[in-house]
Ligand code: KG4
Ligand code: ZN
């Protein structure tokens with residue numbers, strides 16, 4: 001395999017991140033500027049503000065990533081960038097920066113799928129064995145993806161409504177917890193002494209799809225009814241009930257998919273992979289069933305450019321370059 005130095009840029013949502021990756025494995029730098037505080041008072045990401053914030057910091061992030069890597073621009077082999085899916089205005093900022101670098105340095109440009117990035121974050125710390133199954137859980141995605149070979153992605157299940165992280169954030173918001181709410185619900189659930197009984201959306205018996213909007217509505221109904229009765233809400237029990245419902249369905253479907261497709265490994269990735277309850281439940285289930293489980297370290301689970309560099313490295317090795325008229329793909333399919 002060729003050795004290479006890739007500078008990767010990720011601006012699909014509310015994190016501006018630039019990384020320098022050597023040989024697809026070594027993270028020389030992975031700088032991340034989070035806009036969370038800016039969006040917090042709106043209770044979610046405001047697309048227009050996200051684009052402007054990316055513009056403000058992108059050049060500095062590129063300079064920092066290069067400086068921290070100890071490398072020089074002339075050492076680079078390629079420029080990688082998230083092409084989609086994501087917020088179109090946010091994606092464009094990263095794409096323009098990447099094209100400018102590629103053109104100025106006369107380097108190949110490699111457009112990368114954001115979810116391929118989340119999946120290949122695992123490659124930075126583990127060796128993948130094919131076929132493997134990826135459970136992608138983030139603020140925008142809930143998917144089961146079969147990788148038959150390197151770079152071949154087959155979506156076998158997806159959410160029919162809310163993404164799991166989105167459901168976490170909405171439930172947290174209705175409990176008046178700050179954005180992003182996932183970590184707060186996770187913490188509340190971990191201190192609960194009991195769990196409220198809430199529904200599980202299994203869908204059709206043979207389906208690998210997910211649905212979280214019914215569960216979210218059930219949570220809202222509990223909150224409203226408690227308020228109407230003038231009772232105090234056991235928020236921890238509600239959080240734990242919600243989390244248990246989410247986890248049970250995710251774990252069950254992921255393991256059924258692993259068995260059905262003969263996957264050699266299960267990869268957990270995306271922002272919700274930071275959830276302690278989910279990690280613990282998957283770990284014990286996979287141990288019991290003898291399924292190797294790969295989870296990236298926490299910092300590589302949420303949006304970052306190192307994961308984009310990891311996915312782009314594989315494309316670079318195969319000579320799969322993008323042209324300089326690469327377009328942002330807000331609803332890019334894998
Ligand atoms: O992958 P990510 O950083 O961005 C997207 O591509 O969406 O994921 C962000 C999502 C948010 O919805 C956030 O609430 C959720 O990941 N999240 C968590 C936890 N940490 C982050 N959800 C549940 N438990 C957590 N510990
Ligand atoms: Zn993401």
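For helix 47-69, what angle does its Cα long axis make with the longest principal axis of the chain, in degrees from 0 to 90 and rounded to 10? So the helix axis and the longest Cα principal axis differ by about 50 degrees.
The range 1-51 and the range 291-307 have Cα centres lying 14 Å from one another.
Quote the FRET efficiency, to the nearest 0.05, computed for residue 228 versus residue 259 with a Förster distance R0 of 56 Å and r equal to the Cβ-Cβ distance. Before the final figure, lay out the partial values.
Numbers: r = 45 Å, r/R0 = 0.80.
About 0.80, to the nearest 0.05.
Protection proxy ranking, highest mean first, for peptides 99-105, 77-83, 190-196: 77-83, 99-105, 190-196, where packing is the per-residue count of other beta-carbon atoms within 10 Å, averaged.
Axis of helix 182-191 versus longest Cα principal axis of the chain: the two differ by about 40°, to the nearest ten degrees.
Relative to the present Cα-Cα distance, how much length would full extension add between residue 280 and residue 176 at 0.36 nm per residue of separation?
Numbers: separation 104, 0.36 × 104 = 37.44 nm, distance 2.65 nm.
Roughly 34.8 nm would be gained on extension.
When only Cα pairs under 8 Å and 6 or more residues apart are kept, what is the percent relative contact order across the range 129-295?
On the way: 307 pairs, mean separation 48.2, N = 167.
So the answer I get is 29 percent.
Taking each pair of distinct Cα atoms in the chain once, what is the resulting Kirkwood hydrodynamic radius in Å? Mind dumping the intermediate values first?
On the way: mean 1/r = 0.0491 Å⁻¹.
By the Kirkwood definition, the hydrodynamic radius is 20.4 Å.
Could you list 315, 264 so that the one with the fewest beta carbons within 10 Å of its beta carbon is first and the one with the most is last? Write down the numbers at each step before the final one.
Working: 315 22, 264 13.
Ordered by Cβ neighbours within 10 Å, fewest first: 264, 315.
Here the residues 318, 200, 285, ranked from fewest to most Cβ neighbours within 10 Å of their Cβ, fall in the order 318, 200, 285. Judged by the gyration tensor of its Cα atoms, with axes a ≥ b ≥ c, the range 137-229 is prolate; a/c meets the 1.5 cut and a/b is the larger of a/b and b/c.
Relative to the longest principal axis of the Cα atoms of the chain, helix 276-289 runs at roughly 90 degrees.
Treat the count of other C-beta atoms within 10 Å as a stand-in for reagent exposure and order 13, 286 from fewest to most.
Values: 13 25, 286 20.
Going from least to most buried by this count: 286, 13.
Counted over the range 129-295, the DSSP beta bridges are approximately 60% antiparallel.
Mean sequence separation of contacting Cα pairs (under 8 Å, at least six apart), scaled by the length of the chain, corresponds to a relative contact order of 26 percent. In the chain, helices alone account for a calculated mean residue ellipticity at 222 nm of -14000 deg cm²/dmol, with every DSSP H run of four or more residues adding -39,500 (n - 2.57).
Readers should treat all values here as calculations from the given coordinates under stated rules, not as data from a laboratory. None of the values given here were measured: they were computed from a predicted structure. Heads up, the Cβs are rebuilt from the backbone with ideal geometry, glycines too, and the neighbour counts pull from every protein chain shown.
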